1. Using 0.36 nm per residue of separation minus the Cα-Cα distance, give me the extension gain between residue 29 and residue 248 in nm, one decimal.
2. Would you mind checking segment 118-136 for residues with the amide N under 18 Å from a putative spin-label position 7 Å along Cα→C-beta of residue 18?
3. How charged is the neighbourhood of residue 94? Take every other residue with its Cβ under 14 Å from the Cβ of residue 94, and add Lys/Arg as +1 and Asp/Glu as -1.
4. Need the full-extension length gain, residue 182 to residue 144, defined as separation in residues times 0.36 nm minus the C-alpha distance. One decimal, nm.
5. Based only on Cα atoms, what Rg/Rh ratio does segment 173-216 have, Rh being taken as Kirkwood's radius?
6. Using a Förster distance of 41 Å, how high is the FRET efficiency between residue 190 and residue 64, based on the Cβ-Cβ distance and rounded to 0.05?
7. Could you tell me, in Å, what Rg and Dmax come out for the Cα atoms of segment 125-250?
Amino acid sequence: MSWLEWRHVRLPLLLLGALSLIIGLGYAARVLQGLPPFAAVHELGPWATGTVCTVYAGLLADQESTCKVGLLFAGRWFDWWAPLVATLVGAWFGSRFNSGMGFLRLQPLATGRILGVRLVSGLAAITTVVLLGAFLASTRGALDFTWWSSSEVMRSEFWIGTALVWLRGVGVFVLAALLVQLTPPAVAALASIAASLAVLGSSIDPFLRKVTLVYTPEQFGPLSQKEAIPLHVVQAFIAGHLPTRVEADMPLLAGTSAGLLALGVLMALLFARTRVR
């Protein structure tokens, strides 16, 4: 069964792996850069998504005045290129999760073994392709902070982001595998891709880690008076100024729990359906 599965998936996996290599190399070689005027910034460093200064005075002076900078690390990589590859891989493998089941049962092959091999091959493919691109992109390097080492940034922010990309691929894989029970494989694949891209980079994207750096208005100085600050100016500022605190959401735990729950529900539905047949 494993040999038969490999014969069916090797060409698509090689093509998707080549796509991951091309995108990873293109990003590492600075071919896939941000659009002007952002092309000169450190793309594996923090990308500011918004700056808000709240200053209290008078009767409200006892409340904390802050300047908050919302960040995404490695923008364009984690909010476009890497999720795109993971989405394509998850959609393809998920949409063929139950293909050829009638023929395979005649071999004879146990339904549980067939689905188990399909599950393992799909997860292995997502893991392989995501890591290929991530390792190549990681050679690009991160922005150097005076208060936060680039190696620590890569270990924490970059690889947490990579884990979330992997979870996105797994989520698309599960969704496509569920939809293919009700729709043709092409429809299941396209619907799962559309669902992933619909939330990609948005405020409700569960697979994107967002960080907020909190400063005092005194630290922010003249920048607090500006409505629009160029990205390279924000990067230069936060690289040299230690914030009063760092606020980071942790979607990884929630995403892992949701992914495991969805996988369990998926397997229960599939096994229940095949037993009825």
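1. Between residue 29 and residue 248, full extension yields an extra 75.9 nm.
2. 129-130, 132-133
3. Net charge in that neighbourhood comes out at +3.
4. Result: 8.7 nm gained on full extension.
5. 1.27
6. For R0 = 41 Å, the calculated efficiency reads 0.30.
7. So, for segment 125-250, Rg and Dmax equal 19.0, 59 Å respectively.
No value in this document is a laboratory result; all are computed from the given coordinates. These figures come from a predicted structure and were not determined experimentally. Methodologically, a virtual Cβ is constructed for each residue, glycine included, from the backbone with ideal geometry; neighbour enumeration extends over all protein chains shown.
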